[in-house]
1. Please report, in Å, the Rg and the Dmax of the range 26-167, where both are computed over Cα atoms only.
2. Hey, what angle do you get for helix 229-243 against the long axis of the chain, alpha-carbon based, 0 to 90 degrees rounded to 10?
3. Give the accessible surface of the range 95-254 per residue, rounded to a whole number of Å², with probe radius 1.4 Å and ligands, DNA and RNA excluded.
4. Helix 180-189: angle to the longest alpha-carbon principal axis of the chain, degrees 0 to 90, nearest 10?
5. So what's the Cα pair-distance distribution over the chain, bin width 5 Å, in %?
6. Do any GluC sites (Glu not before Pro) in the range 146-254 lie in a loop, going by DSSP, with at most 14 other beta-carbon atoms within 10 Å of their beta carbon, and if so which?
7. What is the distance in Å between the Cα centres of the range 177-199 and the range 215-230?
8. How many angstrom lie between the C-alpha centres of the range 1-42 and the range 231-248?
Amino acid sequence: MHLPPPDWRALEARLLEGGYVLEPRGDRIPYRALLNLSFGLAGLNEGSYQHRDGLRTTGDVIAMYVQAGHLSADLPIRHNDTMEEALALLSQRGIVPGDLYLDNEGSDWNSPQYCLGPAARPYLNADTRAAYDADPRHFPLMLLAYDGPAPHVAVGENLSEPSLPGSDKLLESMPPFDSHVDFIGAAYEDPAAQWHCPQDGRDYRILELDWQYSLAMGFRLIRTEGLDDGSARGLAGLMEALAGQPMVCSHRHL
């Protein structure tokens, strides 16, 4: 049996209380979230996309479209809003960006996009820490929860065959499965599915194998950007301690 999914809202509260993420207000909203807002506004009027360097707040994004004539000139420009407050302001004026840029990975619940906070800094490698110090808004973090019955799978073109834990040799054959992709499909249908290894006689659930940093799968995921392998593993260890359940990490190259 697989473990029950942890409480992601409780984890969100711990991350905020501990300073591992920043309150997403004013100029502490990640660039990715501001870009999504811009795309959403541009989608309301064909050919209206605006770009400007140095955007820092939702107010900056909205002002850019007001100045271009795509939003009403009397729309309030507020620079200390959260994304939720900015969207509520737009909604009050009948302006509702489309779902295309919700950017929630099809989850049943998602947190806002947060910037990593200073308490997360020790878990980053030196080069990533220097980039974080230069601008934390390049390091978004979002919690994603899926109710099931099937887990969410996040992979890219870099999906690799797995190896046994502690081994560098990839498993090119995984009978009775035709391939590693077929094992992923079996685990998608039944998260408790196992593969029997004839070499050591053990049965492995899907995330007990080493997928070479290439497979994310589960009912509770955390999406980040800008992290190298070591920093991602450092944050995974932090989340494991805070959530009280094992966590693995992967890189999705699209």
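The values are calculated or read from the model by the stated rules, or taken from the named source; none is laboratory data. Every value quoted in this text rests on a predicted model; they were computed, and no experiment measured them. Counting neighbours? That spans all protein chains shown, and the Cβs are built from the backbone with ideal geometry, glycine included. Surface accessibility is based on the protein's heavy atoms, side chains included, excluding ligands, DNA and RNA. Shrake-Rupley method; radii C 1.70, N 1.55, O 1.52, S 1.80 Å.
1. In Å, with Rg to one decimal and Dmax whole: 18.2, 63.
2. 90 degrees
3. Values: 8120 Å² over 160 residues.
Here the residues of the range 95-254 average 51 Å² of exposed surface.
4. The answer is roughly 70 degrees.
5. Histogramming the chain at 5 Å steps yields 1, 6, 12, 15, 15, 14, 12, 10, 7, 4, 2, 1, 0, 0, 0 percent.
6. GLU157, GLU172, GLU225
7. Value for the Cα centre distance between the two parts: 21 Å.
8. Using only Cα atoms to place each centre, the spacing works out to 16 Å.
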